[in-house]
1. For residues that are within 21 Å of the chain's Cα centre (by Cα) and in a helix (DSSP H, G or I), tally how many sit in the stretch 32-68.
2. Just wondering, is there one or more residues in the stretch 144-154 that are of a type in the set (D, E, K, R), in contact with a helix residue (DSSP H, G or I) (Cβ under 8 Å, 6 or more places away or on another chain) and more than 26 Å from Gly54 (Cα to Cα)?
3. Which one of these is in contact with a strand residue (DSSP E or B) (Cβ under 9 Å, 6 or more places away or on another chain) and surrounded by fewer than 19 Cβ atoms within 10 Å (Cβ to Cβ): Pro204, Pro163, Pro156, Pro136?
4. What single numbered condition from (1) assigned by TED's automatic domain parsing to the domain that holds Leu29; (2) outside any helix (DSSP H, G or I); (3) under 30 Å from Gly134 (Cα atoms) fails to hold for Pro204?
5. Tally the residues that are surrounded by fewer than 19 Cβ atoms within 10 Å (Cβ to Cβ), farther than 17 Å from Gly51 by Cα and within 20 Å of the chain's Cα centre (by Cα), restricting the search to the stretch 183-195.
6. Please list, ordered by residue number, the helices (runs of 4 or more DSSP H) wholly in the stretch 229-278 having 2 or more residues that are under 25 Å from Pro205 (Cβ atoms) and at pLDDT below 95.
Amino acid sequence: MSRTKDRIRESNLRYRQSLGQNFIYDDALLASLVEAAAVTKEEDVLEIGPGTGGLTKPLCDAAGHVLSVELDERLIPLLQGFLAEKTNFTVVQGDVMSLDLAEVTAGLRRPFAVVANIPYYITTPLIQRLLTGGLPISRLCLMVQKEVADKILSAPGEDGWGPLAIRCQYQCEPRLAMEVPAACFTPAPKVDSAFLLLPVRETPPVRVTDEALFFRVVNAAFALRRKTMLNNLCATFRVERSTAMGWLEAAGLDGQIRGERLSLEELAGLSNAMAEKT
């Protein structure tokens, strides 16, 4: 039993399933995650969901400074005690989905890395928030459900291809660092996980005239997955079929194509054509 797991047992702390608490106690695996994240002393880290500090400790050893945000107030004393000797560690108690992250991270060097063992139930909204919040992030290093990782890494026409994959691939260059079986966690979840690296791009891979419109088009493409893009455009933008067909033709797209088959380049071309005609 690891030292961290000993502390949990001695504290009589019960895991909260409602908070998605699934911790890793394997020191070798935790070290591998930090190595995969490529954290250095020249940068700071925002860690989300430190739990009992198993990953936080090697992060402190590798990074310039680690700022951890933990929702469960019961874990704060455990974290502070476990990491008392780490002068480059700060913990903030609060909900990462409602905190002012710009204010919370104001003291970190720019840009900073984000490392998170994400509770499954906030995975998509948290990624959305981190990528759209204007924070100076160099990369996201995220433990997520394997199913979510497969979605983020998917290609046009595949089952996982959708707004999350497009958002991540538009703003980042996602790649799989390692798969992590459910048995590596305590308590063990019902599904396997994966550690993803998402370096933030300096510029998107496609030219987009109006980014807000682009993501409206993306959402329209998957509003009704089995409908044609023509029908989805009509429903989302409340236009006549002739108008929507004009947009598709201007982008060089077939009127019967389904949104789920459109590539990043084709979606960008369509939104740019729409921007020119409106």
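1. Adding up the residues that qualify gives 8.
2. yes
3. One residue alone meets the criteria, Pro136.
4. All conditions pass for Pro204, except number (1).
5. 2
6. 264-277
The values are calculated or read from the model by the stated rules, or taken from the named source; none is laboratory data. Bear in mind the structure is a predicted one, so any value in this text is a computation, not a measurement. All Cβ positions, glycine included, derive from the backbone under ideal geometry; neighbour counts span all protein chains shown.
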